[in-house]
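Here the structure comes first, spelled out in structure tokens, and everything after it is commentary.
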Amino acid sequence: MEKAVLFKSSAAETIFDQARAAGCKIIVISDMYLPSKVLRELLENSGYKDLDDVAIFSSGEEGVSKHSGKLYPRVREKLGLTGKRWLHIGDNKHSDIEMAKCHSIDGLHADWSQYDGGVSRHWQIKDVIGESINLSVTNIQAKQFFADDPLTEIGFKIFGPLMLGYTSWIYATAKKLNVEKLLFLARDAHLIRDIFLNFYNKDRQFDYQYVYLSRASTYKMGMTDWPMHRIWHLFGGKNRKSIKSILSVIGLNAENHLSDIHDVGFPDENYVPSHHERDRVHWLINKLFTHALLQNKKCRDEFSDYFREAVGDYKSVALVDIGWMGNIQSVFSRALGDVWADKKISGLYLATFEGAKDNKSYYNDMKGWLTNYGEPRSHHDLILSGGVELLEFAMADNTGSTKGYEKINGKTQPVKEIVGDEELEYLKKAQLLQKGILSFFEYVSSILAVVPAEAMSSRLLSEPFFTLVSEPSSHQLDVLVGITHSEAAGANSGRIALAKKLNLKDRLLQGNKYYEMFEQSYWKEGYRRINRKKFWKKYI
């Protein structure tokens, strides 16, 4: 483990190289229980070469320590050091600076290195590891592992640990469930796939495939029954949409159903219902259920081979995605037709909400890591107060959302949405954050090579993320509040800022405009903080 967690500090390496170039005698003195031979091996493993002329002293071997000050005269005596020009460099102010000074040795504090000497309050190994990793990314020495960019830093320090816990949980759970093939669902699972293949599935224990689908594409194919309580999901979102846009989600052309539209009280297909007319929209969709089911059957007959080929002959398959309600898994499974009855379909999601219970069945199981069917409730509430949008931003892919499917030379191919300018800007920012996430995995890669995945799956690794949602710093707010988010299924063109900053008057008076915009905002605490009355206040 010592070998796995140690790395060469760029600042220390520079001083080492300068000392060697100047012809200085280099000595390594450590308060360490390991013998000097092992210390030499650790240094060489970290990248220091040609150490034959470097003397190494360990307090464990010598029986005296730097902390007591007695190791310094022992080294002087053993090496016969008579000169006064001795510079000792170390990160412990007491042992390396103050005690060295007591023996007339100049000290240089290694302020590029930090450590926490506290005791963990946790008893499970995975929680101790999770807590240690969360602390390590905040130490100054971690800065050499990521680029100097605010989004990249957030990706490294916050979303990196989160993704470590989640992907480790995927691997451990898939093994436990005897999963044979993993299907990573576009678009949110592209980053999960890359991390999983590069750091977990190197031996290809699981077969895998990247499957192009979306809510917009699967709702047109996987509806085989008509549970009315699930119809609400078809027209959710903060932006109001026209009847034409709502019906297109289930593959219907509104112009063909004008009499039904008029019957429920809407003037035409371009009418945009208010929030208070949601029951009428629900009524309209239920009136059209036979048309929706027939249209789904038509699409299923033509394009469901894409899903069946993805599942193949495997009996146990797991879908990997960001999650939430499990709607995509539900319609995906139904799109398989009779094949579904012979399969064990599992969902391994970042989080599932309570409503996912509606989609769970004997043949269609699903689990969430951050929250499982809405529990723990405290995490569930934070995810719904801005966490969803921050997580989807962290996992955004630039390939374009899947609008539907088409036949090319007899083979079903996904049809992708053309990425607009506004979304393109969003995706460029997401890539900077993802750069930090991938840098984090390089940072912990040596640990992943020796520590079982089960021991890296602690939910403590999500604590920095939940702190971001509930207590963002002013620096984090400046970086993230302007991020936009698509507001509903198949609607990447309609984007809303996570939290909108009001003018000073509306911030100070906090009247109807303030509360109206609060309801529309995704990131609730982000909105409160950027629109605080004490606008001069900074959050650390």
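Quick note: the coordinates plus some simple rules give every number you see, no bench work behind them. None of these values were measured; they are calculated from a predicted model. Using ideal geometry, Cβ is built from the backbone for each residue, glycine included, and neighbour counts are taken over all protein chains shown.
Brief remarks on what is shown
- For the peptides 162-169, 376-383, 529-536, the ranking by mean Cβ contacts within 10 Å, running from highest to lowest, is 162-169, 376-383, 529-536.
- Spin-label proximity, residue 147 to region 422-445 - amide N less than 14 Å from point 7 Å beyond Cα toward beta carbon: 428-440
- With a simple spin-label model that places each label point 7 Å from the Cα along the Cα-to-Cβ direction, the separation between residue 537 and residue 473 comes to 1.8 nm.
- Calculated mean residue ellipticity, 222 nm, the chain: -11500 deg cm²/dmol, from DSSP H runs (n ≥ 4) at -39500 (n - 2.57) each, averaged per residue and rounded to 500.
- Chymotrypsin sites (Phe, Trp or Tyr not before Pro) within region 77-128: DSSP coil, no more than 12 neighbouring Cβ in 10 Å: 115, 123
- Neighbour counts of other Cβ atoms within 10 Å put 419, 451, 444 in the fewest-to-most order 419, 451, 444.
- Summing charges over all other residues whose Cβ lies under 12 Å from the Cβ of residue 67, with Lys and Arg as +1 and Asp and Glu as -1, gives 0.
- Neighbourhood charge, 11 Å Cβ-Cβ cut-off, centred on residue 440 and excluding it, Lys, Arg +1 and Asp, Glu -1: 0
- Anisotropy class of region 247-339 from Cα gyration tensor, a/c 1.5 cut: prolate
- Taking every alpha-carbon pair under 8 Å whose residues sit at least 6 apart, the chain reaches a relative contact order of 17 percent.
- For residue 456, the shell of other residues with beta-carbons less than 14 Å away shows a net charge of 0, using +1 for Lys and Arg and -1 for Asp and Glu.
- Helix screen, the chain: DSSP H segments with Cα axial length of 30 Å or more and mean Kyte-Doolittle hydropathy at least -1.0 are 421-448.
- Prolate/oblate/rounded label for region 121-208 (Cα gyration tensor, a/c 1.5): oblate
- Separation in nanometres of the label points that stand 7 Å from Cα toward Cβ, at residue 45 and residue 407: 6.0 nm
- Which label in (i) 1.20; (ii) 1.02; (iii) 1.49 gives the computed Cα Rg over 2.2 N^0.38 Å: (i)
- Whether region 450-540 is rounded, prolate or oblate, judged on the alpha carbon gyration tensor where a/c under 1.5 counts as rounded: oblate
- Straight-line reach from residue 435: taking Cα to Cα under 17 Å and skipping same-chain neighbours fewer than 8 places apart, the lysines in range are 143, 157.
- Going from the residue with the fewest nearby Cβ atoms within 10 Å to the one with the most, 299, 102, 24 rank 102, 24, 299.
- For region 28-34, backbone phi angles converted through the Karplus equation (6.51, -1.76, 1.60; θ = phi - 60°) give residue-by-residue couplings of 10, 10, 9, 7, 8, 6, 6 Hz, Gly and Pro being listed as x.
- DSSP beta bridges confined to the chain are antiparallel in about 25 percent of cases.
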